[in-house]
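Structure, as structure tokens:
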Amino acid sequence: MSKESQLRALVNQKLIEMGERERLKELLRARLIECGWKDQLKAHCKDVIREKDSEHVTVEDLVAEITPKGRALVPDSVKKELLQRIRAFLAQHATL
Amino acid sequence: MESIAHEIYSDLVEDACLGLCFEVHRAVKQGYFFLDETDIESMKDFEIVDQPGVDIFGEVYNQWKNKECVCPNCSRSIAASRFAPHLEKCLGMGRNSSRIANRRIASSNNVNKSESDQEDNDDLNDNDWSYGSEKRAKKRKSDKYNYNSGIYYETLGPEELRSLLTTHCGVISEHTKRMCTRSLRCPQHTDEQRRTVRVFLLGPSALTLPEGDAVVENGSYETSDGPVLVSRLQWDGSSDISPSDSGSSKASTNNSETKKPKKKKSSLTVSSVTGGVGY
């Protein structure tokens, strides 16, 4: 394993252990709902489902359709906030 | 480090998207995903109304305020919003009306002091048992007091009657035939009544009221010899005082002499020069 991947693994581990990952997840969800991202994406889902027949939609179909759009739709402010928090965490705890 | 941060960020966003997908997929499969969509026509039925004089549902909201109803009891036209309380008072039902009636009776009871009201009070008090029981206890007490100290004049001898009448009001109640045992100045009965009672019980010349100012009511009363004799003996002047005599002057002078007969002596004294007729 490269050093970077080692580092990455370590960081992830620490993130989970300290519960920071969960916290970040909740924060992201809250922010996305606030900014209306969730409703936007849901509307998109409706369109997708109506196009395909609604009986036979699978999770994979949805994921394939939704995820790229979802990633694109995240507003910048939310992205910045989250990155800031991650960096702060790394700064604090990345010194091994 | 920066790339790691971005990677972490991407992972988080992907997690969020996945979460949403699962939610939507489940909703579709369970059939509740499209529930919030209704057709435009039924949406129009529930649109918010914004006209003056009408609420947001389209109902007129003070339609009945100005209407007047005719009371079935007293046949007056009453405003709709005042109709219910008016009916309560008008029909004499409802908690408030019985309370007011009780209070009115209590205050008139203190004025009149007639015992016949006791039964009425009990009936009314049955409506509100908790409130009424206190009132009943109070009233019972006061009524009992009156009740026990009322006196039947028929059972008393003339001397007892006389002694009673010198200290008490003695007016005979219409309903109960009892003599009032309040003081001589009792506010429930007039002096006129007291005089009538004394004449009735003791004979026309047996008037020894301190406030007496008056004409003796002679005439139609049959008196036994006893009181007449006694009264003759009692008064100075000793002129014949016949029952039919309406000599007001004599009576008044006599009365003024005998102004303070408040002593309750059992023996009769003839001479009363010193004033005060002693019994």
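Here, each number is a calculation from the coordinates, and none is a lab measurement. Source: prediction; values computed, not measured. Methodologically, a virtual Cβ is constructed for each residue, glycine included, from the backbone with ideal geometry; neighbour enumeration extends over all protein chains shown.
Might you check whether a residue that is in contact with a Cys (Cβ under 7 Å, 6 or more places away or on another chain), more than 14 Å from chain A (Cβ to nearest Cβ), more than 27 Å from A:LEU73 (Cα to Cα) and not polar (S, T, N, Q) occurs anywhere in the range B:40-61?
No: the range B:40-61 contains no residue that is in contact with a Cys (Cβ under 7 Å, 6 or more places away or on another chain), more than 14 Å from chain A (Cβ to nearest Cβ), more than 27 Å from A:LEU73 (Cα to Cα) and not polar (S, T, N, Q).
For A:GLU55, work out the one condition from (1) within 10 Å of chain B (Cβ to nearest Cβ); (2) surrounded by 11 or more Cβ atoms within 10 Å (Cβ to Cβ); (3) more than 20 Å from the chain's Cα centre (by Cα) it doesn't fulfil.
It fails just one condition, (2).
Assess whether A:VAL63 counts as being among the aliphatic types (A, V, I, L, M) and more than 18 Å from B:GLY19 (Cβ to Cβ).
It is false that A:VAL63 is among the aliphatic types (A, V, I, L, M) and more than 18 Å from B:GLY19 (Cβ to Cβ).
A:LYS69: closer than 20 Å to B:GLU14 by Cβ, more than 7 Å from every other protein chain (Cβ to nearest Cβ), touching a residue at least 12 places away in the same chain (Cβ under 8 Å) and part of a helix (DSSP H, G or I), yes or no?
Considered against the rule, which asks whether it is closer than 20 Å to B:GLU14 by Cβ, more than 7 Å from every other protein chain (Cβ to nearest Cβ), touching a residue at least 12 places away in the same chain (Cβ under 8 Å) and part of a helix (DSSP H, G or I), A:LYS69 comes out as yes.
Given the options A:ARG23, A:ARG31, A:ARG8, name the one that is over 20 Å from B:GLU37 (Cα atoms), in a helix (DSSP H, G or I) and either within 8 Å of chain B (Cβ to nearest Cβ) or among the polar types (S, T, N, Q) (or both).
A:ARG8
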